[in-house]
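Below is one structure; the comments refer to it alone.
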Amino acid sequence: MKRKYLIVIADYYKDISKGLLKSAEDFLPKSSLIKVISVPGVFEIPVTISKNIKKYDGFLALGCVIKGQTPHFDFISQASTDAIMKLAIENRKPIGNGIITCLNMKQAIARMRKGREAAEAVISVLLQK
């Protein structure tokens, strides 16, 4: 069965986003239909998924938030996670959360494999009976 996936990627940190996207795309089945939509930041990911929720079988939310000097990091990270979980449950569709939250760029570079892990999670849920 040919599945349709939507990857919504925040490209605020372009190099990190490219790594997350590559790790996800390398794992998704080659026979899949995959669309990628770029958004400015992770806060825009849930609404983009919501606008497309009926068109795809599974979703990947990819991006990076790096802690700065203000509490903005905490608010954005929590709000995005909560919105993604709510969308997944309400629509009964898997959304792999590949939004990495890091204290610095070095941690972000080390965690770019999270795109693959998000793809693995989505496929795992889609294969449930």
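The values are calculated or read from the model by the stated rules, or taken from the named source; none is laboratory data. Note that the structure is predicted; figures quoted are calculated from it, not measured. When we count neighbours, we look across all protein chains shown, and the Cβ atoms used for this are built from the backbone with ideal geometry, even at glycine.
Details
- Residue 70 meets all of the listed conditions (1) of a type in the set (Ser, Thr, Tyr); (2) in contact (Cβ under 8 Å) with a residue 12 or more places away in the chain; (3) not in a helix (DSSP H, G or I) but one, namely (2).
- Residue pairs meeting the criteria (Cβ under 9 Å; at least 6 apart or on separate chains; first touching a residue at least 40 places away in the same chain (Cβ under 8 Å), in region 30-56; second of a type in the set (Ser, Thr, Tyr) and in a loop (DSSP other than H, G, I, E, B)): 42/12; 49/56
- Note on region 114-129: residues that are crowded, with 21+ Cβ neighbours inside 10 Å and more than 19 Å from residue 18 (Cα to Cα) amount to 1.
- Exactly one residue out of 18, 35, 22 is assigned to a strand (DSSP E or B), under 13 Å from the mean Cα position of the chain (by Cα), more than 14 Å from residue 97 (Cβ to Cβ) and basic (Lys, Arg), and it is 35.
- When the residues of region 1-15 are filtered to those that are more than 17 Å from residue 88 (Cβ to Cβ) and of a type outside the set (A, V, I, L, M), the one that is farthest from the chain's Cα centre (by Cα) is 2.
- Considering region 64-90, and only residues there that are among the small types (Gly, Ala, Ser) and closer than 24 Å to residue 109 by Cβ, the residue that is surrounded by the fewest Cβ atoms within 10 Å (Cβ to Cβ) turns out to be 68.
- Within region 88-108, the set of residues being over 16 Å from the mean Cα position of the chain (by Cα) and under 13 Å from residue 57 (Cβ atoms) comprises 91, 92.
- Region 54-79, subset among the hydrophobic types (A, V, I, L, M, F, W, C) and in contact with a Pro (Cβ under 9 Å, 6 or more places away or on another chain), residue nearest to residue 18 (Cα to Cα): 61
- Of the candidates 5, 56, the single residue that is surrounded by 16 or more Cβ atoms within 10 Å (Cβ to Cβ) and in a loop (DSSP other than H, G, I, E, B) is 56.
- Residues that are without any contact (Cβ under 8 Å) to a residue 24 or more places away in the chain and not in a helix (DSSP H, G or I) within region 74-107 comprise just one, 92.
- Candidate set from region 91-113 (those that are of a type in the set (Gly, Ala, Ser) and more than 25 Å from residue 2 (Cβ to Cβ)); member that is surrounded by the most Cβ atoms within 10 Å (Cβ to Cβ): 108
- Residue match in region 113-126 (condition: in a helix (DSSP H, G or I), under 12 Å from the mean Cα position of the chain (by Cα), at pLDDT 95 or above and among the basic types (Lys, Arg)): yes
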